[in-house]
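Structure first, commentary second.
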Amino acid sequence: MFVRIHHELLFVHVAAYSKSFTAASREVWELIDESGLEVIQEDDITAAVIRAACLGLSAALAAVIGLSAFPHTGHSWVSFTFICFCLGYVTCALALQTLNSAIMSIYVCFAEHPASLRVNFPIVHHRFARIAEFSESPGMPSPAMLSPGL
């Protein structure tokens, strides 16, 4: 029940329509069930890629700043490098969160208005529709097991 109430697509719906949290959660789950969006979102690796990019960029930033500050900071270079890593990660995560929010908005657009997504972005709509077909047919392999040429 907790997952049904606290879904990340819920916040897109609350922001777009200014609805209450509980009303939006019911509507989002109805949309997810009707459109086959659950399969699409389960195969989404955007959050993992963003997290890996943030970790890599902040580690590189911390290494460069930590090594350049080593002669000046003495024994406190480890804590200085850790602080640089944390600040770099937070900054990168906040900057890349807009990308994740845009992707969640595309998911909601596919669930609510597939015709407009079909007109404006036909390739994206076609791929989403093909992946969503697998949620309706039991016994089919998951989209992650298919070749990338969907």
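The values are calculated or read from the model by the stated rules, or taken from the named source; none is laboratory data. Note that the structure is a prediction, hence the values are computed from the model and not measured. FYI the Cβ positions are ideal-geometry reconstructions off the backbone, even for glycines, and counts take in every protein chain you see. All accessible areas refer to the heavy atoms of the entire protein, side chains included, with ligands and DNA or RNA removed. Shrake-Rupley method; radii C 1.70, N 1.55, O 1.52, S 1.80 Å.
Potential lengthening of the chain between Ser68 and Ile123 amounts to 15.1 nm, from the contour at 0.36 nm per residue minus the alpha-carbon distance. Per the 1.4 Å probe, what fraction of the accessible area of segment 1-85, in percent, lies on carbon and sulfur atoms? For segment 1-85, the apolar C and S fraction of the accessible surface comes to 70 percent. The figure for Cys86 is an accessible area of roughly 50 square angstrom, using a 1.4 Å probe on the protein chains alone.
Ranked by solvent-accessible area (1.4 Å probe, protein heavy atoms only, all chains present), the residues His75, His125 order from largest to smallest as His75, His125.
At R0 = 35 Å, how high is the FRET efficiency between Phe82 and Asp44 if r is their beta carbon distance? Nearest 0.05 is fine. Efficiency, rounded to the nearest 0.05: 0.70. Is the C-alpha gyration tensor of segment 1-80 telling us rounded, prolate or oblate? Criteria: a/c under 1.5 is rounded; beyond that, a/b larger than b/c is prolate, otherwise oblate. Prolate, since a/c reaches 1.5 and a/b exceeds b/c. Using the 1.4 Å probe convention, the accessible area of segment 35-87 works out to 63 Å² per residue with neighbouring protein chains retained.
Residues with beta-carbon under 12 Å from that of Ser20, excluding Ser20: net charge, scoring Lys, Arg +1 and Asp, Glu -1? Please list the in-between numbers first.
On the way: positive: Lys19, Arg26; negative: Glu27.
Computed value for this residue: +1.
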